[in-house]
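Quick notes on the structure that follows.
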């Protein structure tokens, strides 16, 4: 029997286990079973709280298919609230994308997501060397799209469209994720500009499929919008599950602010 709490940030939901006492990580099959919405707890991913030698605490996050992700913006907000509860405060968190600083003020959580990575070889995207990928062509499913690629510790392919309602996510999402130019697969955001510094985004997440939100994806979207001249350095990203405010500040760091909420707690029967 394993104690857990379920949390959500903008509808992106996670099962969180505190494993600081034993540093134990479940196998991919078990993680998938936990995330199953019919026979398990149901979630987009599983997060483990672990000890860290370089920060206050360590976060490891796994997608619904059992694969490990480097980072998750909505996940780290839930992680911070899980640890601090109703208290305000700050945390240094070791992640697969480095050590990040998280500030909690009541229900709002602001995360310093670090500097966006724009070099193709570091995102990674093959075929572009070390150059930036801003509004470059990509052919998927017999269509040609203009992509802008950004890493926020994990890879993102951002596509700006005139009408989100015309995008068949279930069909085209998997084709983007596994496209040959993305050696680690990719998260894909389709984005419609809805106003001044207002962006409507939907996402296909690597390893999880269609989700209600993606924090790193919202950060990548805001950066991509600015690089394409579609928004300023500060923007609100409207997701299926809620809104996130993104600031790309003068220190080149991207700051994400949004809510996180506990859904319920329980015991998972092994």
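The values are calculated or read from the model by the stated rules, or taken from the named source; none is laboratory data. Keep in mind the model is a prediction, meaning the values are calculated, not measured. Here the Cβ is made from the backbone with ideal geometry for all residues, glycine too, and neighbour counts use every protein chain on show.
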Filtered residues of segment 96-137 (kept if in contact (Cβ under 8 Å) with a residue 24 or more places away in the chain, in contact with a strand residue (DSSP E or B) (Cβ under 7 Å, 6 or more places away or on another chain) and more than 21 Å from residue 157 (Cβ to Cβ)): 99, 100, 102, 104, 107, 108, 109, 110, 111, 112
What number goes with the only condition from (1) crowded, with 18+ Cβ neighbours inside 10 Å; (2) within 14 Å of the chain's Cα centre (by Cα) that residue 68 does not pass? (1)
Only one of 189, 180, 103 is modelled with pLDDT of 95 or more and assigned by TED's automatic domain parsing to the domain that holds residue 86; which? 103
Counting only residues that are under 21 Å from residue 252 (Cβ atoms), surrounded by 24 or more Cβ atoms within 10 Å (Cβ to Cβ) and touching a helix residue (DSSP H, G or I) at 6+ places or on another chain (Cβ under 9 Å), how many does segment 195-230 have? 6
What pairs can you find where one residue is in segment 204-231 and closer than 12 Å to residue 244 by Cα, the other is in a helix (DSSP H, G or I), and their Cβ atoms are less than 6 Å apart, with a gap of 6+ or different chains? 213/74; 215/73; 215/74; 216/73
Quick one: residue 93 ticks every box in (1) surrounded by 17 or more Cβ atoms within 10 Å (Cβ to Cβ); (2) modelled with pLDDT under 95; (3) touching a strand residue (DSSP E or B) at 6+ places or on another chain (Cβ under 7 Å) bar one, so which box is it? (2)
All conditions in (1) within 19 Å of residue 124 (Cβ to Cβ); (2) modelled with pLDDT of 95 or more; (3) touching a strand residue (DSSP E or B) at 6+ places or on another chain (Cβ under 6 Å) are true of residue 207 except (2)
